[in-house]
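Read through the structure below, which is laid out as structure tokens, and then see the notes.
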Amino acid sequence: MPEKVFIFDTTLRDGEQSPGCSMNLNEKLRMARQLDRLAVDILEAGFPIASQGDFDAVKAVAAEIRRPIIAALARASELDIKRAWDSLKEAARPRIHTFLATSDIHLQYKLRKTREEILQQITFAVGLAKSFCQDVEFSPEDAGRTDRDYLVECCHAAVEAGATVLNLPDTVGFCMEPEYEKMFADVKARVPGMDNVVLSTHTHNDLGLAVANTLAGIRGGARQVECTINGIGERAGNAALEEIVMAIHVRRDFLPVFTEIRSVELYPSSQLLTKITGVAVQPNKAIVGRNAFAHEAGIHQDGILKNAITYEIITPQTVGMHTNRIVLGKHSGRHALTSRYEELGHKLTKPELERAYEQFCKLADRKKNVYDEDLIGIVREGFKDIPEMFSLKLFQSLTSIGGRSTATVELERDGEVFQYTATAEGPCDAAFLAIDKITGVTGTIQDFSVHTIAPGASVEAEVVILAQFEGREFTGRYASHSLVEAAARAYLTAANKAVYELKRVAVAAGGASN
Ligand code: KIV
Ligand code: ZN
């Protein structure tokens, strides 16, 4: 019978500690709600002693998020543990997570304490945490470099004092998989009283082995894994939640475990984190990277179109990504081209396809990616010079630090003027929303890039936007001294193309047009 592996998310604690990833209270709450939708089992909300902001965030998460266990981190000291408990009091299912380093390196250089003193401190800290809260997790920090016999003693002291979870961190990302696996097997076999104690992994990615080590820990007997969305965390990061979950899901034959994560929320979780922190995910990142399901090689595209299992072990829909998988470029073949044209509503005859393919190849030689609008341009001369459906008459943008943004947009179409004021998280979002409301088409941003075209005292930037409207992609670009104006105008260009093309398709299909 497969056993459940509990997913312990530490995006808001270990993840938040990484450079550029700090979040304020509202951002932490937004992320916590998404982690709840994702169905994580344990949500580590912060390190309350670290700052008043951390304390308030843990308290707010504990008060609102009721399904998962809410954990708070504390060093093995009275002050830390009391502070953690104060922040957790309102939680439906609180957990105090206390830690103390156990490796000789940390004892000698950081803590300047003897092994005996550390053992006593573990007993004291876990016992104190237990007096507040039934659910206590203990982490011997740097377990990966701790002498094995001594690690067993430390774990024994923690279990005797009442720890319900033992987490064995590879704090510095030093372990190799067999070593990490064996540490779990040893602790399980040698520490008395382990029957009611859950073993947990916590791995860092300094050697790029965080996920592999997590899976090794599971093989060694761990049934809780600590991880973060997008793998954010100290230095090279923590183990990526989405990669662990999908490895377990895809290789059920290999790992006798399952998770209760709602995989369709993986991509939305990754996107939300990126949006909140502004830290982008590398395009080739497994599971959630922009290119994780993109196929450019002609042979691969042909295979995917015949049967996706030829080159895909997971469908993008499984992880909540709804995107066009076929990226047309110079490696694409006729099959991919015909297929995309059909999706775009163009049924080409054989000679038409040959002509289109020839032009497509020329274009693909010059451009990295060929977008839908390029394809439409190929079959219908003059597309690039489409009449401006809506022209911008007025644009005002208001942003306040820490608050929401407002944009007022006035567009003219056939002599009639339309105005809309929208409010959103950021100034660009507000502008795009106002444009959507007036044009009647709704776009989702696929790519947004900014290039400085005239650096110096007065910076002029060009914004290039790739947006999807009703499953079709359109681009827009604009340069201005105002970044927000450039974004709004670039988006309007893409929206104008979408309005024009969607109208054409509707007319061709004999449907309504406006
Ligand atoms: O990496 C680590 O050892 C930690 C502990 C606090 C669990 O983050
Ligand atoms: Zn860590």
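The values are calculated or read from the model by the stated rules, or taken from the named source; none is laboratory data. All values reported here derive from a predicted model rather than from experimental measurement. Note that we place each Cβ from the backbone using ideal geometry, even for glycine, and neighbour counts take in every protein chain shown. Each accessible area value is taken on the protein alone, full model and side chains, heavy atoms only, with ligands, DNA and RNA left out. Shrake-Rupley method; radii C 1.70, N 1.55, O 1.52, S 1.80 Å.
Only one entry in Pro192, Pro178, Pro140 is at pLDDT 95 or above, within 16 Å of ligand 2 (Cβ to nearest atom) and in contact with a helix residue (DSSP H, G or I) (Cβ under 9 Å, 6 or more places away or on another chain), namely Pro140. Among the residues of segment 126-142, is there at least one that is surrounded by 16 or more Cβ atoms within 10 Å (Cβ to Cβ), closer than 30 Å to Leu255 by Cα, more than 13 Å from ligand 1 (Cβ to nearest atom) and among the aromatic types (Phe, Trp, Tyr)? Looking through segment 126-142, none of the residues is surrounded by 16 or more Cβ atoms within 10 Å (Cβ to Cβ), closer than 30 Å to Leu255 by Cα, more than 13 Å from ligand 1 (Cβ to nearest atom) and among the aromatic types (Phe, Trp, Tyr). Examine segment 197-211 for a residue that is within 16 Å of ligand 2 (Cβ to nearest atom), within 25 Å of Met1 (Cβ to Cβ), out of contact with any Cys (no Cβ under 9 Å at 6 or more places or on another chain) and at pLDDT 95 or above, and state whether such a residue exists. Within segment 197-211, one or more residues are within 16 Å of ligand 2 (Cβ to nearest atom), within 25 Å of Met1 (Cβ to Cβ), out of contact with any Cys (no Cβ under 9 Å at 6 or more places or on another chain) and at pLDDT 95 or above.
Exactly one residue among Ala240, Ala216 is away from ligand 1 (no atom under 11 Å from the Cβ), assigned by TED's automatic domain parsing to the domain that holds Leu35, of a type outside the set (D, E, K, R) and under 22 Å from Glu16 (Cβ atoms), and that residue is Ala240. The residue that is modelled with the lowest pLDDT, counting only those in segment 465-477 that are out of contact with any Asp or Glu (no Cβ under 7 Å at 6 or more places or on another chain) and surrounded by fewer than 19 Cβ atoms within 10 Å (Cβ to Cβ), is Gly471. All conditions but one from (1) within 16 Å of ligand 1 (Cβ to nearest atom); (2) more than 28 Å from Leu43 (Cβ to Cβ); (3) within 37 Å of the chain's Cα centre (by Cα) apply to Asp147; the one that does not is (1).
Just one residue in the set Ile96, Ile81 is more than 16 Å from ligand 2 (Cβ to nearest atom), buried (at least 24 other Cβ atoms within 10 Å of the Cβ) and either under 19 Å from Cys227 (Cα atoms) or not assigned by TED's automatic domain parsing to the domain that holds Ala163 (or both); that residue is Ile96. Can Leu215 be described as open to solvent by 10 Å² or more (accessible area, probe 1.4 Å) and within 16 Å of ligand 2 (Cβ to nearest atom)? In short, no. When you check Ile261 against the structure, is it crowded, with 17+ Cβ neighbours inside 10 Å, touching a residue at least 60 places away in the same chain (Cβ under 8 Å) and part of a helix (DSSP H, G or I), yes or no? For Ile261, the condition - crowded, with 17+ Cβ neighbours inside 10 Å, touching a residue at least 60 places away in the same chain (Cβ under 8 Å) and part of a helix (DSSP H, G or I) - is not met.
Considering Ala185, Ala163, the condition of being within 16 Å of ligand 1 (Cβ to nearest atom) and of a type outside the set (D, E, K, R) is satisfied by Ala163 alone.
Counting only residues that are farther than 17 Å from Leu38 by Cβ and open to solvent by less than 10 Å² (accessible area, probe 1.4 Å), which one in segment 221-235 is nearest to ligand 2 (Cβ to nearest atom)?
Gly233
For segment 50-66, check the following and say yes or no: at least one residue is in contact with a helix residue (DSSP H, G or I) (Cβ under 8 Å, 6 or more places away or on another chain), among the aromatic types (Phe, Trp, Tyr), within 16 Å of ligand 1 (Cβ to nearest atom) and more than 23 Å from Ile244 (Cα to Cα). No: segment 50-66 contains no residue that is in contact with a helix residue (DSSP H, G or I) (Cβ under 8 Å, 6 or more places away or on another chain), among the aromatic types (Phe, Trp, Tyr), within 16 Å of ligand 1 (Cβ to nearest atom) and more than 23 Å from Ile244 (Cα to Cα).
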